[in-house]
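Scroll down for the structure; my scribbles are underneath it.
The values are calculated or read from the model by the stated rules, or taken from the named source; none is laboratory data. Model, not experiment: these values are computed from the prediction. As a convention, Cβ positions derive from the backbone with ideal geometry for all residues, glycine included, and neighbour counts pool all protein chains shown.
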Ligand code: SF4
């Protein structure tokens, strides 16, 4: 059974949610419009290649917002082959520019030489250090010069995300738009089915949330949405840092100089 067969169930208010999402993307493009013709966009969609982000990439193209919004992917060097193949298809099909950010190879080499290839399983500190090198440092480069970014965060995804706002202005550096904050998992798959959105085939193998290969597994019936991410860790630690508030990050740094994500 495919992820579409299993999950595509629009909620009663789906049409209103889609309109809200559409209007928010258009507002984001208006509020952060490029400063001049041919200037690079000042707003980027952070695309993890998961179902939500493929919906948003589809909408950015469908709404013809490519002059104002580009798309970036963090290619950590640890993605599944299925994710890399989807990235190649996205780059080929998207009108909006798709930029790929990779970790600094010297930092990766030194970390692996020092801590081993499976350091992420040894401690939360080493897992976060790996995320810092492979995700957070490239993310900082991806967001350079951007006044806003767009994510596929949904409130339903986890307890930590239960209060995700549509527009998050808590970071003085840049606004974060979360246009799918109110969508259910069923809404996401309904949109994918209706619009024939390309998606990661790992979703058909019971991977609701997809990250790096060593840190993602399939989930069983009844398991939490993010149970397959860093499954060996406590629930509270399960964020890579991409969506952790700046003040939470500085608290973490104060307690542990290794854990910067
Ligand atoms: S998700 Fe896992 S492999 Fe990917 S950067 Fe974080 S620790 Fe490293």
Scanning the stretch 123-146 residue by residue, the ones that are surrounded by 21 or more Cβ atoms within 10 Å (Cβ to Cβ) and free of Cβ contacts under 8 Å to residues at least 12 places away in the same chain total 0
Residue, farthest from the ligand (Cβ to nearest atom), within the stretch 60-85, restricted to residues that are in a helix (DSSP H, G or I) and crowded, with 23+ Cβ neighbours inside 10 Å: 60
Any chance the stretch 67-80 includes a residue that's out of contact with any strand residue (DSSP E or B) (no Cβ under 6 Å at 6 or more places or on another chain) and within 29 Å of residue 186 (Cβ to Cβ)? yes
Test residue 90 against the stated conditions and say whether it is in a helix (DSSP H, G or I), in contact with a strand residue (DSSP E or B) (Cβ under 6 Å, 6 or more places away or on another chain) and closer than 19 Å to residue 242 by Cβ. yes
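Please verify whether the stretch 188-196 includes one or more residues that are away from the ligand (no atom under 16 Å from the Cβ), under 18 Å from residue 157 (Cα atoms) and touching a strand residue (DSSP E or B) at 6+ places or on another chain (Cβ under 8 Å).
Keep residues of the stretch 188-196 that are away from the ligand (no atom under 16 Å from the Cβ), which gives 188-196.
Okay, now just the ones that are also under 18 Å from residue 157 (Cα atoms), so 188-192.
Next cut, touching a strand residue (DSSP E or B) at 6+ places or on another chain (Cβ under 8 Å) only: none.
No, the stretch 188-196 contains no residue that is away from the ligand (no atom under 16 Å from the Cβ), under 18 Å from residue 157 (Cα atoms) and touching a strand residue (DSSP E or B) at 6+ places or on another chain (Cβ under 8 Å).
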Quick one: residue 147 ticks every box in (1) within 17 Å of the chain's Cα centre (by Cα); (2) modelled with pLDDT of 95 or more except a single one, so which number is it? (1)
Given the conditions (1) touching a strand residue (DSSP E or B) at 6+ places or on another chain (Cβ under 9 Å); (2) at pLDDT below 95; (3) assigned to a loop (DSSP other than H, G, I, E, B), every one holds for residue 48 apart from (2)
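Looking only at residues in the stretch 107-122 that are in a helix (DSSP H, G or I) and in contact (Cβ under 8 Å) with a residue 40 or more places away in the chain, which one is farthest from the ligand (Cβ to nearest atom)?
If we take residues in the stretch 107-122 being in a helix (DSSP H, G or I) and in contact (Cβ under 8 Å) with a residue 40 or more places away in the chain, then 121 is farthest from the ligand (Cβ to nearest atom).
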Selection over the stretch 28-47 where residues are under 20 Å from residue 166 (Cβ atoms) and surrounded by fewer than 20 Cβ atoms within 10 Å (Cβ to Cβ) yields a count of 3
